[in-house]
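Chemist: Encoded as structure tokens, here's the structure I'll be asking about.
Computed from the coordinates by the stated procedures, all read-outs in this text should not be read as laboratory data. From a predicted model like this one, the values you see are computed outputs, not experimental measurements. FYI the Cβ positions are ideal-geometry reconstructions off the backbone, even for glycines, and counts take in every protein chain you see.
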Amino acid sequence: MKVSTITCDDIANYIRLQEVDEADRKLLNALITIAKKFITENTGVKDLDEYDDFLIVVFILCQDMYDNRTLYVDKNNLNKVVETILGMHSRNNIC
């Protein structure tokens, strides 16, 4: 699986949703988009399929946003795994 192939069904399975209605699908698709954009903006990596570990970052970010019912990533309470992976691939801080 690659980041570009993640679907709302993949996220629904990860966060253990039993039934996914149309509203859930729209929300999950929005969360996937937001997670991908967050990764790109925080690392400078444009092709997220370049690194396999971005997969788990998308899943974790989507789960966090779903659990908190937010459409943004709270940078102040970023999951340590996410923070570490993003830091490993950051191209924005290179001089």
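Chemist: ³J(HN,Hα) across segment 2-13 via Karplus (A = 6.51, B = -1.76, C = 1.60, θ = phi - 60°), whole Hz, x for Gly/Pro?
Modeler: Per residue, the Karplus-derived 3J(HN,Hα) values read 10, 4, 5, 9, 5, 10, 5, 5, 4, 5, 4, 5 Hz.
Chemist: Explain nothing, just the number: relative contact order of the chain, from Cα pairs under 8 Å at least 6 residues apart, as a whole percent.
Modeler: Result for the chain is 35 percent.
Chemist: Label Asp53 and Met1 with points 7 Å out from Cα along Cα→Cβ: what is the distance between them in nm?
Modeler: The two pseudo-label positions are separated by 1.9 nm.
Chemist: Pulled fully out, how much extra length does the chain show between Asn77 and Leu17, if you take 0.36 nm times their separation in residues and subtract their Cα-Cα distance?
Modeler: 19.2 nm
Chemist: Once amide H atoms are built 1.01 Å from N in the peptide plane, which residues 5 or more positions from Val45, or in another chain, come under 5 Å H to H?
Modeler: Arg91
Chemist: Please report, in debye to the nearest 20, how large the charge dipole of the chain is about its Cα centre when each Lys and Arg carries +1 at its beta carbon and each Asp and Glu carries -1 there.
Modeler: Here the size comes out at about 300 debye.
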